[in-house]
Amino acid sequence: MNQTVLITGGTGSIGRRLTQLLQQEGYQVSLLSRSQKSIPDVRVYQWDIKKGHIDPQAIATADHIIHLAGEGIADERWTDKRKDEILTSRTQSTDLLAQALSKNPHHVKSFIGASAIGYYGGNTDDRPLTETSQGGSDFLAQVVRAWERSEEQVASLGIRTVKFRIGVVLMPDGGALPKLVQPVRLGAGAPIGSGQQYISWIHLDDLCRLFIRGLSDDSWQGVYNAVAPNPVTNETLTRAIAQVLHRPMLLPNIPAFAIKLLYGEMAIVVIGGNYVLNKRITDETRFTYKYTDLTKALEDLLM
């Protein structure tokens, strides 16, 4: 009998591609959603995080859970209200899953939790960071710390728990890439700020393959940095996009103060940077990336 993977946040860009790849591997996929959607070959269960409701059948039928749910970090300016939504959408949803797993009969073998390299802080310059590096103290770091702490509730139930600290996901229809591509397509591409801030990136398909390996291989446990092996600077990424699209680069750089005026505190997502290494994946697993070369990754996504 095929194993069932329950995905939260499964209707986003990552969840949709993950569903396709899981189905190709022979898994059944079910989703937890706030609304009753109809998706071919996918069972959709409902939950209401604020009301603390979850369809117990979603848990009862799952062999594995991949938890992606959470409000977008860079979707809106960070008002106090938005910052609260970013935090609680992650912690309350995880709390609800942990409660459901503790109270209802189930046969869940693994829990794969999304996390983020924001754990280390929004801007850590070129200091190499591994899974054992100290966490930061800014808003994003506080969110991720609380997020991972809530995921520990699941681990305390005896369920094998994997937490992927995800870097900048390069994907065609979501995340940072379309925002970077648009000005380049218009002939107005330029590095942001100094251009020397590091971007620890990963191709969408490699991220999804990491999730699948994390649930299928019992030796995976704890925190892993879900990034490609070769972080690049903002300037290198912008130039690579321009090269792939055969578009010119515009000089000078876009000044950091302009980004701060536009986005406020959220500007750290754009002008900050992290040099994050996938040390545990490299040292402890046999996972092979499809995309370690930035240009090849961009050609796959943009051509």
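A few remarks follow.
- Residue match in the range 51-61 (condition: in contact with a helix residue (DSSP H, G or I) (Cβ under 7 Å, 6 or more places away or on another chain), closer than 18 Å to residue 212 by Cα, in contact (Cβ under 8 Å) with a residue 12 or more places away in the chain and in a strand (DSSP E or B)): no
- Residues in the range 183-212 that are part of a helix (DSSP H, G or I) and not acidic (Asp, Glu): 183, 184, 185, 204, 207, 208, 209, 210, 211, 212.
- Residue match in the range 213-220 (condition: assigned to a loop (DSSP other than H, G, I, E, B) and touching a helix residue (DSSP H, G or I) at 6+ places or on another chain (Cβ under 7 Å)): yes
- Single residue of the range 40-58 satisfying the filter (out of contact with any Lys or Arg (no Cβ under 9 Å at 6 or more places or on another chain) and hydrophobic (A, V, I, L, M, F, W, C)) that is nearest to residue 24 (Cα to Cα): 42
- All positions within the range 261-288 that are assigned to a helix (DSSP H, G or I) and under 20 Å from the mean Cα position of the chain (by Cα): 266, 267, 268, 269, 270, 271, 279, 280, 281, 282
- Hits in the range 4-14 (condition: modelled with pLDDT of 95 or more and out of contact with any helix residue (DSSP H, G or I) (no Cβ under 9 Å at 6 or more places or on another chain)): 4
- Scanning the range 209-255 for residues that are of a type in the set (Ser, Thr, Tyr) and surrounded by 19 or more Cβ atoms within 10 Å (Cβ to Cβ), we see that the one that is nearest to the chain's Cα centre (by Cα) is 224.
- Inter-residue pairs, beta-carbon under 6 Å, first under 18 Å from residue 121 (Cα atoms) and in contact (Cβ under 8 Å) with a residue 24 or more places away in the chain and in the range 265-294, second of a type outside the set (Lys, Arg) and part of a helix (DSSP H, G or I), 6+ apart: 270/259; 271/256; 271/259; 274/117; 274/120; 276/117
- Apart from one condition, residue 258 fits all of (1) within 21 Å of the chain's Cα centre (by Cα); (2) in a helix (DSSP H, G or I); the exception is (1).
Matching residues to (1) surrounded by fewer than 13 Cβ atoms within 10 Å (Cβ to Cβ); (2) of a type outside the set (Ser, Thr, Tyr); (3) on the phi < 0 side of the Ramachandran plot:
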site	(1), (2), (3)
5	no, yes, yes
11	no, no, yes
19	no, no, yes
40	yes, yes, yes
55	no, yes, yes
88	no, no, yes
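- Test for residue 292: is it β-branched (Val, Ile, Thr), out of contact with any helix residue (DSSP H, G or I) (no Cβ under 8 Å at 6 or more places or on another chain), part of a loop (DSSP other than H, G, I, E, B) and at negative phi: yes
- When 101, 129 are checked against the criterion of being closer than 18 Å to residue 150 by Cα and not basic (Lys, Arg), a single residue qualifies: 101.
- Across the range 15-61, the qualifying residues are those that are more than 27 Å from residue 102 (Cβ to Cβ) and basic (Lys, Arg), and the one among them that is modelled with the lowest pLDDT is 37.
- Test: residue in the range 193-204 that is modelled with pLDDT of 95 or more and in contact with a Lys or Arg (Cβ under 6 Å, 6 or more places away or on another chain): yes
- Residue that is surrounded by the most Cβ atoms within 10 Å (Cβ to Cβ) [pool: residues in the range 125-145 that are charged (D, E, K, R) and under 17 Å from the mean Cα position of the chain (by Cα)]: 131
- Whenever a residue of the range 233-258 is small (Gly, Ala, Ser), its partners that are part of a helix (DSSP H, G or I), lying with C-beta atoms within less than 7 angstrom and at least six residues away or across chains, give the pairs 240/294; 240/295; 240/298; 242/184; 256/271.
The values are calculated or read from the model by the stated rules, or taken from the named source; none is laboratory data. None of the values given here were measured: they were computed from a predicted structure. Neighbour counts run over all protein chains shown; Cβ positions are idealised from the backbone, glycine included.
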